[in-house]
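Peer 1: The structure is given below, and queries will be raised subsequently.
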Amino acid sequence: MSRRLHIEVFRYNPLDPESKPHMQSFYVNEYDSMTLFIALNIIRDQHDPTLQFDFCCRAGICGSCGMVINGRPGLACHTQTKDLPEHIVLHPLPVFKLIGDLSVDTGVWFRDAGTRIEAWVHNDHDSFDPTQEEARMENALANEIFELDRCVECGCCIAACGTARMRTDFLGAASIARVARFYLDPRDERNVENYYEVIGNDQGVFGCMGLLACEDVCPKHIPLQDQLGIMRRMLALHSVKGILPKALIEKLAHKGCCHENHKS
Amino acid sequence: MNSSTITLHAPAKTKTQGRLDVLQMISGVLLILFLWAHMLLVSSVIIGPGVMNAIAWFFEETYMAQVGGPLIGLLIFVHFLLAARKMPWKTSESEAFIKHSVMMKHRDTWMWLAQVATALIILVMAFIHMWVVLTDLPITAVKSAARIQHGGWLPFYLVLLPIAESHVGIGFYRIGVKYGVITADNRNWYKRKEYALMGGFIVIGLITLVRFMYLPLYSGM
Ligand code: HEM
Ligand code: SF4
Ligand code: SF4
Ligand code: FES
């Protein structure tokens, strides 16, 4: 039995002085395994060619179709309409700069965050020899790094984060998990002190208030909660080195989940 | 680096923000332990006013009440200063957060708002409560009962009890989350335990209040 979906979309074109933010309703006939991405394309094809929204891969890979779906940030291409009620309300992701309607600019935000956390491999090598064989890595470790590398920078975790919404300089879960990815990687020769410099502050790990909306919305199921906990604990303990007894810090550092295989 | 530090060519290295976070966590943990201990001590009146009086006598004889009381007051104040760093004091912040909670319909997000709201109420009520009790030593079951039966304090405690317990319960859960003790795997388990603990303490508190309401004021003592 197919439903007639009532899709209510946020409309606003910041470049048009006449345009005022408002909601517009569209009606679309649902069919089997329809995704929101398909529904939006139908609207654009058949109802309103001016509707702006982003997509590219339609397979949850490029991260461009993030939007607020009935209050929760998610990927349009990753969301099947059968999992939603008949009435669907769509908003652009908050926090990011609005391009128009459902389209936002996540790129500038993530580039800025990437610069602030220095999201590249740091080492002291004098030069890079492209003819040399790559250093080997245990498969298990490579998998662990890949697990965090799967982030598609869709921005859902940032838009879902109350802290990021209140405080524009908060780096958010994706950035902190990204640092965790470098922390795991033996090719990145930064030490705890260096990581502390980039995220050991209220814009980084200590700004997070543990609301866990990031964890609950991430469409790629990146283990954000655990990484936030690991990084915060590591950096908090680093900040009290020399104050608390060494043995106690060692003990706390190795309680629960940990990146055991990283040299520190 | 941001626009206010951009002129500092080499930003100073400091561990302050990490240390403040640790201090906030420690102040929170100490207050949790205090609140639970406090609840268990006061609820001894359920067993009998004599038990509560004996405990109170012990705490005063050893000056733990006279010294510890103000110390707890100080601890609450320090905790307030530390936690206030995270509170949405700016109108733009609180508006953004409230709008966000309404949009998300996400329990953990709402819980933080609850923690901020309860915090402000506790800030006022905890100090009134401490003032009243500590300026009227010794603590006895009959005096407490009199306050509740005739002093009009029952509504006061009926508000403070659930508010303090929720603030502490949510705080307990979030300390676990923040420091990676509560992980994605055991989050639901901890959440259930936390609700049970919170409910349990509120029930003990209510029973204690009922006991005070019906404690005879003019016999025994
Ligand atoms: C004096 C008034 C108080 C104020 C203004 C206050 C404020 C706050 C705020 C805003 C938070 C959240 C901080 C964050 O999200 O990072 C918090 C956390 C907490 N509060 Fe309070 N609080 C007060 C009193 C108390 C009392 C009396 C207790 C216990 C008896 C308590 C126990 C806790 C705990 C355990 C946490 C979690 C700590 C953390 O997340 O690091 N608070 N408080
Ligand atoms: S962590 Fe998840 S929600 Fe956040 S940007 Fe990456 S994929 Fe998107
Ligand atoms: S856990 Fe931290 S990063 Fe995630 S939504 Fe909450 S405050 Fe934001
Ligand atoms: S279109 Fe690429 S993630 Fe949705």
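Peer 1: Inside the stretch B:158-170, can you point out the residues that are in contact (Cβ under 8 Å) with a residue 40 or more places away in the chain and closer than 11 Å to B:Met198 by Cα? Lay out the reasoning, then the answer.
Peer 2: Our first condition is that a residue be in contact (Cβ under 8 Å) with a residue 40 or more places away in the chain; within the stretch B:158-170, this holds for B:158, B:161-168, B:170.
Passing the criteria: B:Leu161, B:Pro162, B:Ile163, B:Ala164, B:Glu165, B:Ser166, B:His167, B:Val168, B:Ile170.
Peer 1: Within the stretch A:28-84, track down each residue that is within 14 Å of ligand 2 (Cβ to nearest atom) and within 14 Å of another protein chain (Cβ to nearest Cβ).
Peer 2: A:Met67, A:Val68, A:Ile69, A:Arg72, A:Pro73, A:Gly74
Peer 1: Going through the stretch A:148-170 one residue at a time, which ones are part of a loop (DSSP other than H, G, I, E, B), of a type outside the set (Gly, Ala, Ser) and either within 9 Å of ligand 2 (Cβ to nearest atom) or away from chain B (no Cβ under 12 Å) (or both)?
Peer 2: Within the stretch A:148-170, A:Arg150, A:Cys151, A:Val152, A:Glu153, A:Cys154 qualify.
Peer 1: While we're here: Checking A:Ile222 against (1) buried (at least 21 other Cβ atoms within 10 Å of the Cβ); (2) within 8 Å of chain B (Cβ to nearest Cβ), which test does it fail?
Peer 2: Among (1) buried (at least 21 other Cβ atoms within 10 Å of the Cβ); (2) within 8 Å of chain B (Cβ to nearest Cβ), the lone unmet condition for A:Ile222 is (2).
Peer 1: For a quick check of your reading: which helices (runs of 4 or more DSSP H) sit entirely within the stretch B:37-105 and have at least 2 residues that are more than 14 Å from chain A (Cβ to nearest Cβ)?
Peer 2: Values: elements: B:44-47, B:49-61, B:64-84, B:91-104.
Of the helices (runs of 4 or more DSSP H) lying wholly inside the stretch B:37-105, those with at least 2 residues that are more than 14 Å from chain A (Cβ to nearest Cβ) span B:44-47, B:49-61, B:64-84.
For (1) of a type outside the set (Gly, Ala, Ser); (2) under 15 Å from A:Ala113 (Cβ atoms); (3) within 16 Å of ligand 1 (Cβ to nearest atom), each residue gets a yes or a no:
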site: A:Cys151; (1), (2), (3): yes, yes, no
site: A:Arg167; (1), (2), (3): yes, yes, yes
site: A:Arg181; (1), (2), (3): yes, yes, no
site: A:Val192; (1), (2), (3): yes, no, no
site: A:Gly207; (1), (2), (3): no, yes, yes
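Peer 1: Are any residues in the stretch B:9-63 aromatic (Phe, Trp, Tyr), over 30 Å from A:Phe206 (Cα atoms) and surrounded by 15 or more Cβ atoms within 10 Å (Cβ to Cβ), and if so, which ones? Walk me through it before giving the result.
Peer 2: Filtering the stretch B:9-63 down to residues aromatic (Phe, Trp, Tyr) leaves B:34, B:36, B:57-59, B:63.
Applying the additional criterion that residues be over 30 Å from A:Phe206 (Cα atoms) yields B:57-59, B:63.
Selection gives B:Phe59 alone.
Peer 1: Let me ask something else. What single numbered condition from (1) outside any helix (DSSP H, G or I); (2) free of Cβ contacts under 8 Å to residues at least 12 places away in the same chain; (3) farther than 30 Å from A:Gln225 by Cβ fails to hold for B:Thr183?
Peer 2: B:Thr183 satisfies every listed condition except (3).
Peer 1: Being in contact (Cβ under 8 Å) with a residue 60 or more places away in the chain, of a type in the set (Asp, Glu) and surrounded by fewer than 17 Cβ atoms within 10 Å (Cβ to Cβ) narrows it down to one residue among A:Glu147, A:Glu86, A:Glu133, A:Glu153; which is it?
Peer 2: Details: A:Glu147 fails: surrounded by fewer than 17 Cβ atoms within 10 Å (Cβ to Cβ); A:Glu133 fails: in contact (Cβ under 8 Å) with a residue 60 or more places away in the chain; A:Glu153 fails: surrounded by fewer than 17 Cβ atoms within 10 Å (Cβ to Cβ).
Being in contact (Cβ under 8 Å) with a residue 60 or more places away in the chain, of a type in the set (Asp, Glu) and surrounded by fewer than 17 Cβ atoms within 10 Å (Cβ to Cβ) holds for just one of A:Glu147, A:Glu86, A:Glu133, A:Glu153, which is A:Glu86.
Peer 1: Hey, A:Ala173 hits all of (1) closer than 24 Å to B:Arg187 by Cα; (2) more than 9 Å from ligand 3 (Cβ to nearest atom); (3) more than 10 Å from chain B (Cβ to nearest Cβ) but one; which does it fall short on?
Peer 2: (2)
FYI, it's all coordinate maths here, none of it is from the lab. Here the structure is a predicted model, which is why all the values come from computation and not from measurement. Heads up, the Cβs are rebuilt from the backbone with ideal geometry, glycines too, and the neighbour counts pull from every protein chain shown.
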